[in-house]
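Here's the structure we're looking at; comments come further down.
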Amino acid sequence: MTMRNMLDCDPQSIPLEHIDVSQAELYEHDRQDAFFTRLRAESPVHRCAESAFGPYWSITRFDDIVAVESDFETFSSEPNILIADQPDDFEVRSFITMDPPEHDSNRAAVQGAVAPQNLKQLEGVIRERVGQILDGLPVGETFDWVDRVSIELTTQMLATLFDFPFEERRRLTRWSDIAIATPELSGSALVTEEQRRAELGECLQTFLGLWQQRAARPEGFDLISMLARGEATRDLPSRPMDLLGTLMLLIVGGNDTTRNSISGGVVALNRNPEEYAKLRANPGLIPNMVSEIIRWQSPVLHMRRRATRDVELGGQTIREGDKVVMWYISGNRDGDAILDPFAFRIDRERARHHVAFGFGIHRCMGNRLGELQLRLTWEEVMKRFEFVELVGEPVRTRSNFIRGIAELPVRLHRRH
Amino acid sequence: MPSVTYITHDGVPYAVEAVSGTNCMQAAIDNGVPGIDADCGGQCSCATCHVIVDPAWSARVGPPGTAENGMLGLTPERTETSRLACQVTLDDGLDGLVLHLPEFQM
Ligand code: HEM
Ligand code: FES
């Protein structure tokens with residue numbers, strides 16, 4: 001194959017048919033925007049014939065993404081929602097890779113754990129934990145915000161939702177980090193496939209142990225107890241790959257996404273000092289800012305569908321069986337749907353009108369929980385610190401699925 | 001000009017004069033009724049414009065369509081008379097309509 005490295009190509013002059021936005025290095029170097037701007041303008045429904053993941057279509061405009069999301073009969077989530085295929089001999093399943101009606105009953109079993117009613121009760125706990133994390137931070141010296149705040153907070157949250165042994169909580173972080181972090185699955189190089197399987201096997205064993213405890217006292221409102229009670233899910237232990245898939249969905253779904261939004265907000269505010277000034281003057285903007293941060297970061301880069309029939313979209317004919325990839329990072333920069341989309345504005349009108357949570361029946365189940373964590377984080381940060389100063393370049397994750405920030409050197413300045 | 005009353009979860013009524021042909025989501029947003037997010041802008045694909053039709057009006061308003069029904073399945077506060085406001089188009093026959101807002105939008 002003669003695949004070009006996108007980093008060596010000029011996004012303005014490269015022939016359209018050579019554009020391949022599946023290359024993880026693009027996101028590692030934050031160089032994707034110019035390619036997507038070109039695609040939205042000149043080839044919004046775009047076919048890439050040759051990539052590490054085989055041929056695929058890119059959907060890059062906001063409205064086209066909504067159209068694909070809304071038509072789950074034509075655009076199926078089976079067998080996988082990553083651009084990559086899963087290895088045949090290690091195929092995990094969960095409701096994110098199911099179509100109705102199977103999807104609906106499996107989602108319903110756990111939805112309650114993160115429904116807004118439940119979150120109201122969690123709010124006090126989360127706020128207290130955020131406060132403790134922030135109070136433990138060094139002031140006036142450089143440290144890594146990702147490790148000390150973003151990871152710590154989302155991991156504590158996850159341990160709370162699963163009622164997972166608290167001291168062992170970083171194991172959850174590890175499983176989340178390696179879930180798809182192989183070259184074959186996302187272009188990452190954190191682990192080999194062999195390592196991934198071994199560690200996910202441990203994950204499964206650990207949760208099977210917890211499951212046994214919970215099934216014996218099935219009244220809890222943690223995610224495992226809810227799965228153990230749910231009609232569509234109570235037999236999951238007899239289907240280990242389905243159990244593993246569901247666990248990975250809940251672990252990854254709630255972790256990388258929120259973590260990277262917490263980090264992304266620090267970057268966005270530092271790059272836009274006038275917005276930071278607005279925030280200091282009016283912390284009441286935080287709920288609106290949270291939506292803007294999530295749009296700006298777009299922590300989930302894509303979801304993939306499979307065409308179940310030949311279908312016309314944007315003047316192109318997508319064939320039955322083709323991979324169709326919706327690039328949320330692109331939809332969230334589409335000027336036809338979002339005014340001045342490259343600007344970060346914490347008081348943006350209709351800030352919730354973004355595609356970072358997806359749309360349709362797979363729309364993010366944890367969207368309110370993600371928002372809640374970000375809101376509480378910023379409320380507590382503003383009570384304590386005048387400035388979370390970025391003192392070096394963020395290190396970005398190499399992945400075509402998660403737009404991640406791996407390290408973020410910051411220095412804190414106390415409020416005066 | 002059909003009029004619609006939205007009653008918030010705390011029981012506060014908002015009466016709105018709407019133009020025939022607009023939908024109940026748009027009428028609420030245009031008139032600053034709180035409690036409807038409408039993240040997708042009326043495309044039946046976010047379920048954040050959930051309303052509960054007053055039982056006295058549910059026969060007149062009718063049941064949700066297939067796609068709408070699927071989206072309503074995502075909201076834990078769904079009831080017998082739940083609809084997505086963006087999928088309910090107003091006309092003079094609905095003059096006086098009463099809609100209740102859920103405590104949260106999904
Ligand atoms: C800022 C934070 C978050 C972002 C940006 C985000 C983004 C997304 C996206 C893009 C999807 C796919 C939507 C689609 O296919 O249309 C999704 C699905 C999902 N998310 Fe999130 N997510 C976030 C936080 C969370 C949290 C905290 C949880 C906690 C449980 C969670 C659980 C899920 C689940 C279970 C699904 C699958 C839903 C389904 O297939 O029906 N997410 N999320
Ligand atoms: S506004 Fe999104 S479903 Fe009605």
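Values quoted throughout were computed directly from the atomic coordinates according to the rules given, and no laboratory measurement underlies them. Since this is a predicted model, take the numbers as computed values, not measurements. A quick note on method: Cβ atoms are made from the backbone with ideal geometry, for glycine too, and the neighbour counts reach across all protein chains shown.
A few notes on this one:
- Two-site FRET efficiency, A:E73 against A:V139, from Cβ-Cβ distance with R₀ of 51 Å, rounded to 0.05: 0.40
- Amide proton proximity set for B:L97, modelled H, under 5 Å, gap of 5+: B:S3, B:T5
- Exercise: per-residue mean of other protein chain Cβ atoms within 10 Å, B:42-52: 4
- Positive-end residue of B:N23, A:S105, A:P116, charge dipole of the protein assembly as shown with Cβ unit charges: A:P116
- Most mobile listed residue (A:N118, A:N282, A:N255) in chain A, GNM with C-alpha springs under 10 Å: A:N282
- Amide hydrogen proximity for A:I405: with H placed 1.01 Å from N in the peptide plane, the residues at 5 or more positions away or on another chain lying under 5 Å are A:T397.
- With a 10 Å cut-off around each Cβ of A:352-364, the average count of Cβ atoms from other chains is 4.
- Here is how the number arises for chain A: DSSP H runs of 4 or more residues each give -39500 (n - 2.57), the sum is divided by the residue count, and the result at 222 nm is -14000 deg cm²/dmol.
- Fluctuation leader among B:E80, B:E17, B:E68 - chain B, Gaussian network, Cα springs under 10 angstrom: B:E80
- Amide H contacts of B:Y14: B:Y6, B:I7, B:T8, each under 5 Å away and 5 or more positions distant or on a separate chain (H built 1.01 Å from N in the peptide plane; Pro and chain starts excluded).
- Peptide-level mean, for B:65-77, of C-beta atoms on other protein chains within 10 Å: 4
- Over all other residues within a Cβ to Cβ distance under 15 Å of A:T142, the charged ones net out to -4, with Lys and Arg as +1 and Asp and Glu as -1.
- Fluctuation leader among A:R403, A:R309, A:R127 - chain A, Gaussian network, Cα springs under 10 angstrom: A:R309
- Using C-alpha pairs below 8 Å separated by at least 6 residues, the relative contact order for the range B:3-105 is 42 percent.
- Modelled spin labels at A:R174 and B:S20, positioned 7 Å past Cα toward Cβ, are 6.8 nm from each other.
- In chain A, Cα pairs under 8 Å separated by at least six residues give a relative contact order of 26 percent.
- Cross-link partners for A:K278 among the lysines, with Cα-Cα distance under 24 Å and sequence neighbours closer than 8 places in the same chain left out: A:K383.
- Under Karplus coefficients 6.51, -1.76 and 1.60, residue-wise ³J(HN,Hα) of the range B:15-23 in Hz, glycine/proline x: 8, 10, 8, 10, 8, 3, x, 7, 9
- Cα lying deepest toward the dipole's positive end in the protein assembly as shown, options B:T75, A:L243, A:L208, charges on Cβ: A:L208
- Counting only Cβ charges, +1 for Lys and Arg and -1 for Asp and Glu, the dipole size of the range A:315-385 around its Cα centre is about 240 debye.
- Candidates A:G264, A:F35, A:S188 compared by Cα position along the dipole of chain A: farthest toward the positive end lies A:G264, with charges placed on Cβ.
- Total charge dipole magnitude, the range A:242-301, about the Cα centre, Cβ charges on Lys, Arg, Asp, Glu only, Debye to nearest 20: 200
- Charge sum, other residues only, whose C-beta stays under 10 Å from A:I126's C-beta, Lys/Arg counted +1 and Asp/Glu -1: 0
- The charge dipole of the protein assembly as shown, taken about the Cα centre with unit charges on the Cβ atoms of Lys, Arg (+1) and Asp, Glu (-1), comes to about 1020 debye, rounded to the nearest 20.
- Put a dot 7 Å past the Cα of B:S58, heading toward its Cβ, do the same for A:Q213, and the two dots end up 4.3 nm apart.
- By the Cα gyration tensor, the protein assembly as shown has an equivalent ellipsoid whose semi-axes, rounded to whole angstrom, run 33, 28, 27 from largest to smallest.
- Think of it as helices only: each DSSP H run of n ≥ 4 in chain B is worth -39500 (n - 2.57), and spread over all residues that comes to -5000 deg cm²/dmol at 222 nm.
- Shown in residue order for the range A:397-405 are the 3J(HN,Hα) couplings computed by the Karplus curve 6.51 cos²θ - 1.76 cosθ + 1.60 at θ = phi - 60°: 7, 8, 6, 9, 10, 10, 8, x, 10 Hz (x for Gly and Pro).
- Averaging the Cα positions of each part gives two centres, and for the range A:275-296 and the range A:238-265 these lie 26 Å apart.
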